[in-house]
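Just below is one structure, and these are the notes that go with it.
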Amino acid sequence: MIPDEIDRVLLRELQRDGRASYTALAEATGLSAPAVRQRVQRLRDEGVVQIVGVTDPMALGLPVMALIGVRVDSDVHEVADRISELSGVIYVVLTAGSFDLFAEVVCQEPAELLAVLNDHVKRVPGVTRAEAFTYFGIHTHRFAWPGV
């Protein structure tokens, strides 16, 4: 599905404020509120947009964050599935380059990060190497994407 211009307006507005009312979205698009509701539901059903609350890990008591680069010698999808199940892992992406996948991890303390890395990620069958890149802080975190 390729979004049309009205879909793009809805997406921009929802990126700016995911709690915007259908009435406000209708004003931005020139459609009726029921028509907007139907379009937003279609965008959700087709997986184009998810409307979620975004949290700040530090504000939730999770000040230790890291990106873990993982090299794999077997099916990367199976390894990604296993790593996705680990406590503290908030996303996993498949990549090209020197790592086969990256996992982002949030923890309460450094010892917890060490346990995730050493006791869990490195023990997943197929993992040949895992390297942690600890975050000192989040510099930029955008939710509005260009082209929408």
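The values are calculated or read from the model by the stated rules, or taken from the named source; none is laboratory data. Everything quoted here is computed from the prediction, not taken from an experiment. All Cβ positions, glycine included, derive from the backbone under ideal geometry; neighbour counts span all protein chains shown. Please note that ligands, DNA and RNA were not included when accessible areas were found on the heavy atoms of the full protein model with its side chains. Shrake-Rupley method; radii C 1.70, N 1.55, O 1.52, S 1.80 Å.
Here are the numbers for the structure shown:
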{"item": "Among the candidates Arg39, Arg71, residue that is over 30 Å from Phe99 (Cβ atoms) and modelled with pLDDT of 90 or more", "result": "Arg39"}
{"item": "Candidate set: segment 1-35, residues that are more than 21 Å from Gly53 (Cα to Cα), among the β-branched types (Val, Ile, Thr) and modelled with pLDDT of 95 or more; chosen: the one most open to solvent (accessible area, probe 1.4 Å)", "result": "Ile6"}
{"item": "Residue count for segment 111-120, restricted to those that are surrounded by 16 or more Cβ atoms within 10 Å (Cβ to Cβ) and among the acidic types (Asp, Glu)", "result": "1"}
{"item": "Spans of strands (runs of 3 or more DSSP E) in segment 37-148 with at least 1 residues under 30 Å from Ser21 (Cα atoms)", "result": "89-94"}
{"item": "From Val127, Val121, Val106, Val79, residue being of a type in the set (A, V, I, L, M), under 13 Å from Leu62 (Cβ atoms), at pLDDT 95 or above and touching a strand residue (DSSP E or B) at 6+ places or on another chain (Cβ under 7 Å)", "result": "Val106"}
{"item": "Only one of Thr134, Thr128, Thr140 that is open to solvent by 60 Å² or more (accessible area, probe 1.4 Å), touching a Leu at 6+ places or on another chain (Cβ under 9 Å) and over 30 Å from Ala26 (Cβ atoms)", "result": "Thr134"}
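One line per residue, one yes/no per condition, for (1) in contact (Cβ under 8 Å) with a residue 24 or more places away in the chain; (2) surrounded by fewer than 16 Cβ atoms within 10 Å (Cβ to Cβ):
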position: Thr55; (1), (2): no, yes
position: Pro63; (1), (2): yes, yes
position: Val79; (1), (2): yes, no
position: Tyr91; (1), (2): no, yes
position: Leu101; (1), (2): yes, no
position: Glu109; (1), (2): yes, yes
position: Ala144; (1), (2): yes, yes
